[in-house]
Every structure is written in C-alpha cells, then in structure tokens.
Amino acid sequence: MSEASCRRELELEVPAEEVQKATEKVARELARVARVPGFRPGKAPLSLIRRRFAEDIKGEVLQSLVPEHVERAVAEQKLTPVSQPQVDKLDYAEGGPLKFRASFEVMPEFALGEYKGLEIEVEEMHVTDENVAKTLEEMRERASTFAPVEGRAAEKDDFVEMKLHGTPAGEGEPIAAERVLCHLGAEETLEAFNENLKGVQAGDHKEFEVVYPADYPDAKLASKTYQYAVDVQGLKTKKLPELNDEFAKDVSDLKTLEELRADIRKRMEEARDHRKKEQVHEKLLAALVKLHEFPVPEALVEHQMDVRLERVVRSLASQGVDPRAVNLDWVSLRKRQQERASDDVKAELIVDRIASEEKIDVSEADVDAEIEHLAGHSGESAEAIRARLTKQGSLDRMKAKLRSDKTLDWLAQNARIRTVAAAATEAK
C-alpha cells in the first residue's frame, strides 16, 4: 500500500497439483450429470467430458480456487479489504499452475495525532426578545383571516381575487387559474401586477403584459413574456388576530400570552443549544481532519458521495420538488461532493479510532434511550421503531452513530472552546 493510495495488489499462484486436483473433481461431478450423444448419463469417458466441457470446467475451477486463495492471502497478511477484489492477469494453462493478480482497497494505517485539547472557535448564539416577537408575528400571519373590501378601489397591501388567463409570447404553456389572490405591494409580487391592478374594483377587466426576470423562481416562467387577461372577482384584506390570551389559546394548548412567549423562548433555546452542539461537532471534525494526513479508500469515498447526493434528493422531495424535474447536472453535482465526501470518510475513521483508544462504547441503555427519543417525536411506539429498525438492518448504523456522537461529546469536554461574537447567528 503506497502512501498516496489504499490499494493493494497481490500476485498469487496456485500450485499445478492443486489445480489438477480441482479440475478432476469438477470433471467427475460434471460426468455424473452431463448428457453426451451416444452415451447413457454418467457413462461418458472422463477424457471426453474434459474435452467437450473444457470451458465449463475451467470456469468452475476458477470460481472455486480464486476466491479461496484470495481469502487465504488476505487473512495471512492481516488485511481488511473494503472493496471487492478485482482479478486480472489470469494465467491458466492445462497442467500448469494458476496465476493471477487480485487488486482491492484496504483500511488505511495511520497514527493518531494529539486529539485531546483541540482548540476551536464557535459563534455566539442568542435568543432575544426580538426573536420571540418575530415568531409571534409569524404565528399571527398563519392565523390571519381574509375579509372582503367593499366601497373602494384596490390599494397597497390589499389582496385582489381574480380569474386570469396568460398567453405566452413564443414558446411556453398558457396559464389559466380561478380565484387567485394577488398581494399588492408584496415583495414577491411582480411590479407589472402591482401597477396594473392598483385601483381596480370587483367586475373590472384588465389586460397587460408581464416580462418575467431570468432569475424568477419558477424555471418554466423565467425570461418568458406573457399577455394576461384578468377579471377581478373581488378585493380582500388580511385581518391579523390581536396578541392576547385568546390568541394563545387558539394557537396552542396554553392559557395565556405570557405562557406562549415563555414556551416559544424555551423551544428556541433548545434549538439554539442543538445548533451550537452541531457547530462544535463540525469544528471538531474539521480540526481532526486537518490534524491527520492519510489516504482514504476510494470505495468508501464513492459511497459517501452517493450518500450526499441522496440527501440533496431527499431535501428536494421534502420541499415538494420532483428531483427528476429539476434542471441539474447530477453527474457534476456528485463530482463536486468528492472533497467533502473524502473528509467525511477520514473523519469517521479518526473518530472510530479515538473511540477504540478511549474505550467509548454504546450500551443497550443508550440504544433504548435513543429509540424512546425517536418514539416521542414520531408518534410510533418504541417497540414498533425497534422492530422496524431491526427489519431494515439499521440498528448497527444507529449504534455507530451513537458511538460517534458520544466520542465527539467526549472530545468537546476535553477541548478548548472559545466563543466569538457573530450577529449573523442570532437565533431565528
């Protein structure tokens, strides 16, 4: 294994006597079942069987001898393969030895650096009264209602309810919709709609052109021009509920506004603590990777690249976006994950070694506690979650993750952590 690679190559040779013995065994087994014209089953001469089924016999011999000798050589040299051995340079002639080369990757050998007392910086995070007030406003927005506007024309901040039909100039699909609400003056509303719908009243008909910018979020409309015909069906205004105890009862199980504020702050502080712990872990992993220089198996990096790409796909799906419809160069995106994937693998190997060095392990009580935690957040029973994880073969992965987290917590307790101010990390 060179310093720049985890690849191992073994030049192996199976003695002629062993090859001959295996060949005869395969030929005899084949002779018992082979059908040869002019002979009853099992009665054809062995010499004929060997000539007639030479390639079949050769294949069976290779399938039995090659894996056996690779496994034996790997065990003798105390290697830990992380990829399936690839066989080439096959030299196999009747009456002679079997020679071949087996190539595979192994776990890297490396010495642990000084991992105690790591120095890292984490950004300060606060939960302020403004953060709580902002969350309350967002809750008011979600609890708002719409009231009809009568006796006047549309003004800024009104919602115009309309039926619209859009015809594209050139390529594109027509747009037709009923009961659409357009928020006049809102940040997300295109200026053409603001200009043309300001001052309208129920029953008005308007026609106007809209040019969508190149960076418009909907790729189907970006850079397109549409001619719209709009029939105004009515005007509405948004009514926000008052911030009082009744509001608290409507949006939660709490009885007073102060209890709601306290609950919001508590949840935000818990989220802050979780983010801070994640940041500490990320900084520790980065410091460990920087401290250690060794090659990582390409097979593990390739697997981690796939894992990272899966996260992107799941993230899009969770937002209601069909990954197949997204205009992304998935091959290039996967390739860009290579460096980070390599660091992920290296960090995992280092943390595993530290856990072994410090005798950090996961008990059944740890597993039970994690399953109970998952049950509390998913609505499933602990028994159902354990059964599902067992069926999926995921319990070992859970234990590995718990062991890694325990090790990172241990490293954090033994690290020198400095907090630095960062206004951008204010809790949201």
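Just so it is clear, none of the values below were taken in a lab; they were calculated from the coordinates. Predicted model, so just to flag it, every value in this text is computed and none were measured. FYI the Cβ positions are ideal-geometry reconstructions off the backbone, even for glycines, and counts take in every protein chain you see.
Provide the gained length on full extension for the span residue 51 to residue 176, in nm with one decimal, where the gain is 0.36 nm per separating residue minus the Cα-Cα distance.
The residue 51-residue 176 span can extend by a further 37.5 nm.
When ranked by the protection proxy of mean other Cβ atoms within 10 Å per residue, highest first, what sequence do the peptides 415-422, 351-358, 198-205 form?
Highest-to-lowest ranking by the protection proxy: 351-358, 198-205, 415-422.
If I stretch the segment between residue 36 and residue 91 completely, what's the gain in nm (0.36 nm per residue apart, minus their alpha carbon distance), one decimal?
Values: separation 55, 0.36 × 55 = 19.80 nm, distance 2.95 nm.
So the extension gain works out to 16.8 nm.
Please compute the net charge surrounding residue 251, taking Lys and Arg as +1 and Asp and Glu as -1 over other residues with Cβ under 9 Å from its Cβ.
Net charge around residue 251: +2.
Among the listed pairs 156/236; 198/220; 21/99, which have their C-alpha atoms separated by more than 21 angstrom in this model? Display every interim value, and only then the final one.
Details: 156/236 11 Å; 198/220 26 Å; 21/99 16 Å.
Flagged as over cut-off: 198/220.
Determine the gain in length on full extension of the stretch residue 80-residue 312; use 0.36 nm per residue of separation and subtract their C-alpha separation, reporting nm with one decimal.
80.4 nm
Less than 10 Å Cβ to Cβ from residue 169, Lys/Arg counted +1 and Asp/Glu -1: what total charge do the surrounding residues give?
Around residue 169, the charge tally is -1.
Once label points are set 7 Å from the Cα along Cα→Cβ at both residue 137 and residue 194, what is their separation, rounded to one decimal in nm?
Roughly 1.8 nm, to one decimal.
Scan the range 134-185 for trypsin sites (Lys or Arg not before Pro) in coil per DSSP, keeping those whose Cβ has at most 15 other Cβ atoms within 10 Å, and list them by number.
Sites meeting the loop and neighbour criteria: 152, 156.
Hey, fewest Cβ within 10 Å first, where do 411, 118 land in order?
Working: 411 24, 118 20.
Result, fewest neighbours first: 118, 411.
So which of 283/391; 359/406; 346/391 end up more than 23 Å apart, counting from Cα to Cα?
On the way: 283/391 35 Å; 359/406 11 Å; 346/391 29 Å.
In this structure, 283/391; 346/391 exceed 23 Å between Cα atoms.
Angle check, please: helix 395-413 long axis (alpha carbons) against the longest principal axis of the chain (alpha carbons), in degrees 0 to 90, nearest 10.
For helix 395-413, the angle is close to 70 degrees.
Sketch the reach of a paramagnetic label on residue 243 as a point 7 Å from Cα along Cα-to-Cβ, and name the residues of the range 141-169 whose backbone nitrogen lies under 17 Å away.
141-144
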